[in-house]
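Every number here is computed from the coordinates shown, using simple stated rules; none is lab data. Small disclaimer: the values here were computed from a predicted structure and weren't measured. When we count neighbours, we look across all protein chains shown, and the Cβ atoms used for this are built from the backbone with ideal geometry, even at glycine.
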Amino acid sequence: MQLSKKLQEIVDSNSRDRQLLFDSVSGLSAAQLEYRPADGEWSIEDILHHLAISDEANIKLASIMLKQAEEKRVPADPTPDDSVLNSLDGLKERLAQKVKAPDRVAPRSHLPAAESLARLEASR
């Protein structure tokens, strides 16, 4: 099935961002991956674990929402060729603020970076 222009744009953007993430951590030493800038702060490994947990949760949520949309016969997107990549630009400042992650997506235990990256890769 071919994706609409809008969905393909989102998939391509996410793929580029994901590749940038993989490229930015490849070649880092264990010490770099495990380094915590301050007590209670997350290491790169923790961030990768958080991203893997979040990605898996988002996929489950999207699946549930798609099923519900189908059951409720939600009409097709009336603007499948519009761009949405800049639609959240107004939130950039807010998103740059540090917030505490909900417990459900916080790293719970030490997970090696390679395992988190494998989970991120498998989620797509």
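Of note:
- Net charge over other residues, Cβ less than 14 angstrom from the Cβ of Arg108 (K, R count +1; D, E count -1): -3
- Taking a Cβ cut-off of under 10 Å around Glu45, the surrounding Lys, Arg, Asp and Glu residues balance to a net charge of -2, with basic ones at +1 and acidic ones at -1.
- Sites Asn58 and Ala30, calculated FRET efficiency, Cβ-Cβ separation with R0 30 Å, nearest 0.05: 0.60
- For Lys72, a cut-off of 25 angstrom between C-alpha atoms picks up these lysines, skipping any fewer than 8 places away in its own chain: Lys5, Lys6, Lys60.
- You can think of it this way: the chain between Leu85 and Asp23 has 20.1 nm of extra reach, that is 0.36 nm per residue less the Cα-Cα gap.
- For P(r) over Cα pairs in 5 Å bins from 0, in percent, the value calculated from this model appears in [x] 2, 9, 13, 18, 20, 16, 11, 6, 3, 2, 0; [y] 2, 11, 22, 25, 19, 12, 6, 3, 1, 0, 0; [z] 2, 12, 26, 28, 22, 9, 1 under label [x].
- Projected label distance in nm at Leu7 and Arg94, using a 7 Å step from Cα toward the beta-carbon: 2.7 nm
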